[in-house]
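What follows is one structure encoded as structure tokens, with my remarks underneath.
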């Protein structure tokens, strides 16, 4: 699991993370932190995110950590509404 702490509007970061492809989960926004899981290794995910030039996307800190049961629950239960715009952030605690 990769946590990215963002200063300012996370819209560009969210769009860039979505472009990483299907091996990366839908980014989850909680406060100023964007979290993303990957089917690949943490090293691979970190390399892919670093290639996005995160500092230009407003990222102030990056933390790699093990995925928790809470993360899995949020990934599985936080879904985008069918007609919701693709750039709208998926936020924890929100019902679709």
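The values are calculated or read from the model by the stated rules, or taken from the named source; none is laboratory data. These figures come from a predicted structure and were not determined experimentally. Because the Cβ atoms are built from the backbone with ideal geometry, glycine has one as well, and the counts that use them run over all protein chains shown.
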Seminar exercise, completed: How many residues of segment 25-49 are under 12 Å from residue 13 (Cα atoms) and in a helix (DSSP H, G or I)? The answer is 1
Exercise. Could you list, in sequence order, the residues of segment 51-60 that are surrounded by 12 or more Cβ atoms within 10 Å (Cβ to Cβ) and either in a loop (DSSP other than H, G, I, E, B) or out of contact with any helix residue (DSSP H, G or I) (no Cβ under 7 Å at 6 or more places or on another chain) (or both)?
Worked result: 52, 54, 58, 60
Seminar exercise, completed: Residues in segment 61-73 that are under 14 Å from the mean Cα position of the chain (by Cα) and either exposed (fewer than 11 other Cβ atoms within 10 Å of the Cβ) or under 18 Å from residue 26 (Cα atoms) (or both) total 7
Exercise. For segment 75-94, does any single residue satisfy the condition of being at pLDDT 85 or above, buried (at least 18 other Cβ atoms within 10 Å of the Cβ) and within 12 Å of the chain's Cα centre (by Cα)?
Worked result: no
For this session: Look at segment 4-29 and say how many of its residues are surrounded by 14 or more Cβ atoms within 10 Å (Cβ to Cβ) and either free of Cβ contacts under 8 Å to residues at least 40 places away in the same chain or touching a strand residue (DSSP E or B) at 6+ places or on another chain (Cβ under 9 Å) (or both).
Result: 15
